[in-house]
1. So, by mean Cβ neighbours within 10 angstrom, what's the order for 59-65, 27-33 with the highest one leading?
2. What list of ³J(HN,Hα) couplings, whole Hz, do you get for segment 24-33 from phi and the Karplus terms 6.51, -1.76, 1.60, once you set θ to phi - 60° and write x for glycine and proline?
3. Indicate the gyration tensor shape class of the chain (rounded, prolate or oblate), computed on the Cα atoms with a ≥ b ≥ c the square roots of the eigenvalues: a/c under 1.5 is rounded; otherwise a/b larger than b/c is prolate and the rest oblate.
4. Could you compute the FRET efficiency for Asp94 and Arg41, with r as their C-beta to C-beta distance and R0 at 35 Å, rounded to 0.05?
5. With θ set to phi - 60° and the Karplus curve 6.51 cos²θ - 1.76 cosθ + 1.60, what are the ³J(HN,Hα) couplings of segment 69-74 in order, to the nearest whole Hz, using x for Gly and Pro?
6. If you plug each phi of segment 82-98 into the Karplus form 6.51 cos²θ - 1.76 cosθ + 1.60 with θ = phi - 60°, what whole-Hz ³J(HN,Hα) values come out, in order, with x for Gly and Pro?
7. Enumerate the amide H contacts of Trp95 below 5 Å, restricted to partners 5 or more residues apart or on another chain; note that Pro and chain-start residues carry no placed amide H.
Amino acid sequence: MVADEERRAISDRTMAALAAAKRRGVALGGDRGAQLSRAARKAGREAQMARANDRAADLAPIIRDLQSSGITSLSSIAKALTERRVPTPRGSTDWSAV
C-alpha cells in the first residue's frame, strides 16, 4: 500500500513538472521535425564508414595472426578475440561469429 501511494506521488510530481515545463515553452520529447539535409546525411554516412574502416584496419593484423595459427572459422575467431579481450565495436569483449 505504501509503494502504491509512492507511485502515485511520483506520478503527480512528474506530471506537475512536465506541465510547468510546457507552460514555460520547453519542447518536450518526440519528433521535433528536424530534417537532415542530403549533405548532412552523406557526411554522417562517410563518418560511419571511416570509423568502420579504421576499426577493420586495427583488427586485420590480429585476425591474420589468428588465421595463420590455424584459427579460421568465424566461431573460432570470435572465441579467440573474446579470450584476448579485444573490444567489440560497441565496447564489449564478448564476440560472436555473426
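FYI, it's all coordinate maths here, none of it is from the lab. Keep in mind the model is a prediction, meaning the values are calculated, not measured. Positions of Cβ are generated from backbone atoms using ideal geometry, with glycine treated the same way; all protein chains shown enter the neighbour counts.
1. Details: 59-65: 12.0, 27-33: 6.7.
Sorting 59-65, 27-33 by mean packing, highest first, produces 59-65, 27-33.
2. 6, x, 6, 7, 10, x, x, 6, 9, x
3. In terms of gyration-tensor shape, oblate.
4. Efficiency computed from Cβ-Cβ geometry: 0.65.
5. Computed from phi, the couplings for segment 69-74 are 8, x, 8, 10, 6, 4 Hz.
6. Residue by residue, segment 82-98 yields 5, 5, 7, 6, 6, x, 6, x, 8, x, 7, 10, 9, 7, 10, 5, 5 Hz.
7. Long-range HN contacts for Trp95: Thr82.
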